[in-house]
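Report on the structure given below.
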Amino acid sequence: MPQPSHAPARICPSCDGFASAVITRGGRDHNGQRRTITAHCRTCQGTGTIPPLRQLLDAAADAVFAR
């Protein structure tokens, strides 16, 4: 019996799907752990994917024709 196939998620072109990165600030804290911060992709807000193309086109059309 055939299984329904879902459309593949659209990978963010800005981060290529690697939406979050841990960056060391240098040095260590009093427990010996490295001090780090987490940086997220600004385009996808840390999800690694972007909305379907239809949703992006609808949002762009609403922005243009709303004027």
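Every number in this text was worked out from the coordinates using simple rules, so none of it is lab data. Please read all numbers here as calculations on a predicted model, not as lab measurements. Please note: Cβ atoms are built from the backbone with ideal geometry, for glycine as well, and neighbour counts cover all protein chains shown.
General observations
- Qualifying residues in segment 33-52 (those that are touching a strand residue (DSSP E or B) at 6+ places or on another chain (Cβ under 8 Å) and loosely packed, with under 10 Cβ neighbours inside 10 Å) - the one nearest to residue 21 (Cα to Cα): 38
- Tally, over segment 16-67, of residues that are assigned to a loop (DSSP other than H, G, I, E, B) and among the small types (Gly, Ala, Ser): 6
- Out of 35, 54, 10, 28, sole residue that is basic (Lys, Arg) and touching an Asp or Glu at 6+ places or on another chain (Cβ under 8 Å): 35
- Some residue of segment 60-67 being surrounded by 10 or more Cβ atoms within 10 Å (Cβ to Cβ) and of a type outside the set (A, V, I, L, M, F, W, C): no
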